[in-house]
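Asker: Mind having a look at this structure? Questions to follow.
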Amino acid sequence: MVRPARLATPPRLRTGDDLELPRLLRRAAVYPAILMGAVAVALVVQVVALRHLAAREHRSDEVIGRDAVLQLLLAEHEAGLRGWLLTGEDDPLARYHAAAADVGPVLDGLEPLVADDAAQLARLRRIRTLVASWQAHAELLVRSRQPEPPEQRRAREALMAEARGEA
């Protein structure tokens, strides 16, 4: 009897174990990559938020610093006028005029810093109005070179106290 020639063995069918290994390899590579991407996105979001907060803090520090300068200028402004009223000498008027010249630019420098906050902007405009009213009273005194009546003095002092209270 003649035996038929042996045929090549058919390709082996893949078993469940053979299919499981590539799936496990994909999971081992894909899931950590997705997780690292999510962590990277979270990190970028946190860095952007931190930079935004740092910029706001810097602006707040600048507003606080300029407000302190404004308060010093207002005190110097008032002290110069008081010194002149008490002594009648012109030296205190130099302090008065120097401070008067610097108040406007400080107020102007504060405005862009608080432009995005309506309450702060309204407060700054109120301070500007109070300071302008006080300066008008003071200039009348300086021009007249006369002693100030008590009711005018009280009104002037009230304006400056309110301006300092707002600043």
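Asker: Of 132, 104, 144, whose Cα points farthest to the positive end of the dipole of the range 84-151 (charges on the beta-carbon: +1 Lys, Arg; -1 Asp, Glu; origin at the Cα centre)?
Answerer: Of 132, 104, 144, it is 132.
Asker: Let me ask something additional. About the Cα centre of the range 42-167, what is the dipole size in debye to 20, counting +1 per Lys and Arg Cβ and -1 per Asp and Glu Cβ, all else neutral?
Answerer: Dipole about the Cα centre, nearest 20: 240 debye.
Asker: What is the sum of charges around residue 166, taking Lys and Arg as +1, Asp and Glu as -1, for the other residues whose C-beta is under 12 Å from the C-beta of residue 166?
Answerer: That works out to +3.
Asker: Now for a separate question. At 7 Å along Cα-to-Cβ for each site, give me the label-to-label distance between residue 79 and residue 94 in nm.
Answerer: Roughly 1.5 nm, to one decimal.
Asker: To continue, here is another question. In deg cm²/dmol, rounded to 500, what helix-only [θ] at 222 nm does the chain give when every DSSP H run of at least 4 residues adds -39500 (n - 2.57) and the total is split over its residues?
Answerer: It comes out at -30500 deg cm²/dmol, rounded to the nearest 500.
Asker: Right, here's the next one. So if R0 is 35 Å, what FRET efficiency would residue 27 and residue 49 give, r being the distance between their Cβ atoms, rounded to the nearest 0.05?
Answerer: 0.60
Asker: Here's another thing I want to ask about it. Could you tell me which of 122, 39, 68 has its Cα farthest along the dipole of the chain towards the positive end, charges placed at Cβ (Lys, Arg +1; Asp, Glu -1), taken about the Cα centre?
Answerer: Highest projection toward the positive end goes to 39.
Each value in this text was obtained by applying a stated rule to the coordinates, not by laboratory testing. Only a predicted model underlies this, so the values are computations on that prediction, with no experimental measurement involved. Positions of Cβ are generated from backbone atoms using ideal geometry, with glycine treated the same way; all protein chains shown enter the neighbour counts.
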